[in-house]
């Protein structure tokens, strides 16, 4: 729907009023639908899905207030402008309480009416864009779109599926860069709260006084610089989810306040004394071992038990190496240069190097590595070992014993064959254990075993 052309429903029991509005709106290029009573109006809304409704208030049968209430009870946003001869405040308030978005009084000024129509159509377009964006976000965080099919990740998915329909608090535990916020979003966007807000904040990024105001809100004049009332994140996320990252960085005083939120489901703004009830889900995350923090007195035990109702450990990348080729390919697709027709691929040696590296920064570090390699890759080229950073390539090791005569290729193949055969015996033929022990991808291992006839 473009703002300069929309489908507008005009509702009035007086045909002359409908005709006047139709002529004005048609002159602006809009498609006009007509209804002469409340029942017809509701039928048109159901069948035609108009972009805007111009609604008379005084009609026989269903009046404009009741029609407005029923339109607003439907799913989806259709703006309603009440057109009324009543100018008393009580009538206007009644209309707005029924859900009307705007009103004009009869006899209306044509310029004023069209200005209000354009304003409502802009709001309608913003609503549609927002709804589209929310659907895209929700699709991005579907479980099937999360990258990783290793046994470690399958355990995480199983845990998440058990908790998505429950309102209980979830604690995500994992090293920096393991994707804790992505998993928190996946829980939210697959839960019954998916149509409500997801709000994330990093508890270690703000000093205590600012974090308190950020989470709980404040009253005007509560402290220097508090020029007006402010709604905190807990209130702003009403009906949705609040994600508290790096919860272990929170001060003892803030931990006490958070404990009240979890226990009582209410908040008290800074500078106020009256609590406000809230309906939210809390997902917390930490890269610290909170049990150790509790033992050493840095984290409250009672808060820990409130947060760890349902703990989920996110494995570091070194514990799910078989996912690395798939993640690397995902980041290639994500950061590719759209102006270049060909997408470069990793060579087998590069994939092996990526798989061997321990990734202390986990998924985030891998993504940065792929971005760097893409920048260095020439048009039409491939991403080989030489385009990876030195830390990922690793030191060049020399075998302790090797043949001093013959072809180099034969010598290398002999060493590979013996190492794979020894690993095969040590691991009882378990391919996953062998690939981890040898530091190569499962795909490369299977190719080498086939080449050397090791089964």
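Tabulated values for the structure
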item	result
Region 308-350: number of residues that are within 30 Å of residue 282 (Cβ to Cβ) and not in a loop (DSSP other than H, G, I, E, B)	11
Strands (runs of 3 or more DSSP E) wholly inside region 1-110 containing at least 1 residues that are touching a helix residue (DSSP H, G or I) at 6+ places or on another chain (Cβ under 6 Å) and within 30 Å of residue 195 (Cα to Cα)	7-11, 52-56, 80-84, 102-105
Criterion violated by residue 294 - all others in (1) free of Cβ contacts under 8 Å to residues at least 24 places away in the same chain; (2) out of contact with any helix residue (DSSP H, G or I) (no Cβ under 7 Å at 6 or more places or on another chain); (3) surrounded by 14 or more Cβ atoms within 10 Å (Cβ to Cβ) satisfied	(2)
Condition check for residue 31: closer than 22 Å to residue 85 by Cβ and either surrounded by fewer than 20 Cβ atoms within 10 Å (Cβ to Cβ) or without any contact (Cβ under 8 Å) to a residue 12 or more places away in the chain (or both)	no
Breaking point among (1) out of contact with any helix residue (DSSP H, G or I) (no Cβ under 7 Å at 6 or more places or on another chain); (2) at pLDDT below 95, for residue 276	(1)
Region 299-330: number of residues that are more than 29 Å from residue 435 (Cβ to Cβ) and without any contact (Cβ under 8 Å) to a residue 24 or more places away in the chain	3
Residues that are under 33 Å from the mean Cα position of the chain (by Cα) and either closer than 18 Å to residue 70 by Cβ or free of Cβ contacts under 8 Å to residues at least 60 places away in the same chain (or both), drawn from region 99-128	99, 100, 101, 102, 119, 123, 126, 127
Helices (runs of 4 or more DSSP H) contained in region 147-262 and holding at least 2 residues under 15 Å from the mean Cα position of the chain (by Cα) and crowded, with 17+ Cβ neighbours inside 10 Å	180-189
Output for region 116-146, where each listed residue is in contact with a helix residue (DSSP H, G or I) (Cβ under 8 Å, 6 or more places away or on another chain) and at pLDDT 85 or above	117
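The values are calculated or read from the model by the stated rules, or taken from the named source; none is laboratory data. Fair warning: this is a prediction, and the values are worked out from it, not measured in the lab. Neighbour counts run over all protein chains shown; Cβ positions are idealised from the backbone, glycine included.
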